[in-house]
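Q: My structure is below; once you've seen it, I'll send some questions.
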Amino acid sequence: MAFDYQTLKKVTGAAIVDGTLGSVDLANTTVTDTSIATGAVGSDEMASGSVNLASAKVTGALAVAKGGTALTSGSGGYRALRSNGSALTTDLHGVASMNVYTGTTTWNRPTGVRYIRVQVQGAGGGGGGHGEGGGAGGYSEKYIDVTGIGSVTVTIGGGGGGTYYSGAGGNGNGSSFGPYLSASAGHGANRQNQHSGGVSGNGSGGNLNIHQGGGFSHHAQSAQSGANTYFGGGAPGNHPQGGHFAHNHQNHCAPGTGGAGSHFHGHRGSDGRPGLIIVTNYY
């Protein structure tokens, strides 16, 4: 019987017995997408492991409706997959940066930042003589969604001045992050009651608002270190041999701590320490 090539080209699936045509019967590239009807190849027509997704032969993006991401590639490192309600996207994720403020200024939202953690420390009150110490500033902490906020005023309180015995140490000043949260200052020694240490400030407006250390009271011949804060300890106490030691070394302590009381009436207590604000920016 004569071989008719044109007739062979018209052979359809109905003319082929199931299972009789295998990979050994097909040359490479003889079957293309134009040769296969939509929906003609399903799981019943493919053996297990016959499609290798790790190879470079699979292209395109699997739709979300099919269990995929609809993404053909990533967008760089440090990103997380996120749904906006109708599609999946990759966004930067984690900590973007940190701002530490020791003076009044303005916080400006960095590009791509969505949330911030704000820590506000009020300033400490000043110490006096005979161990009478100033109180520490208050502390407040809050997480804020800043997607609709461009900038915020940052206010840092200064510490209260130290003094000699029988005088009242200066009150510190509060710190604040715009209208969102603030921390009041510690009071100076001898302010609320004769011979007593200063009371601490408090936080306001945050998810966490706390008092911190209060100042030490009068001691006949003694000196005490300054009141502590979340960030660390206060200025060192002193002995008469060191003169104005507490006052001279008042910078060797944590932000917002109360001023240390000096040893005698003739030695000056240390100043309270200025406040502090830390903003951690998150994508």
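Only the coordinates and a few stated rules stand behind these numbers; no lab work does. This structure is a prediction, so every number in the text was calculated from the model and none was measured. No Cβ is skipped: glycine too gets one built from the backbone with ideal geometry, and neighbour counts run over all protein chains shown.
Q: Quick one: order Arg268, Arg117, Arg191, Arg273 by neighbouring beta-carbon count within 10 Å, fewest to most. Intermediate results must be reported in sequence, preceding the final value.
A: Numbers: Arg268 27, Arg117 16, Arg191 24, Arg273 35.
With the sparsest Cβ surroundings first, the list reads Arg117, Arg191, Arg268, Arg273.
Q: Net charge near Ser262: determine it from the other residues with C-beta under 14 Å of the C-beta of Ser262, scoring Lys and Arg +1 and Asp and Glu -1. Let's see the in-between values first.
A: Working: positive: Arg268; negative: Glu132, Asp271.
Result for the local shell: -1.
Q: From the phi angles alone, apply the Karplus equation (6.51, -1.76, 1.60; θ = phi - 60°) to the range 205-216 and give each ³J(HN,Hα) in whole Hz, x where the residue is Gly or Pro.
A: Ordered by residue, 3J(HN,Hα) equals x, x, 6, 10, 9, 9, 6, 10, x, x, x, 6 Hz.
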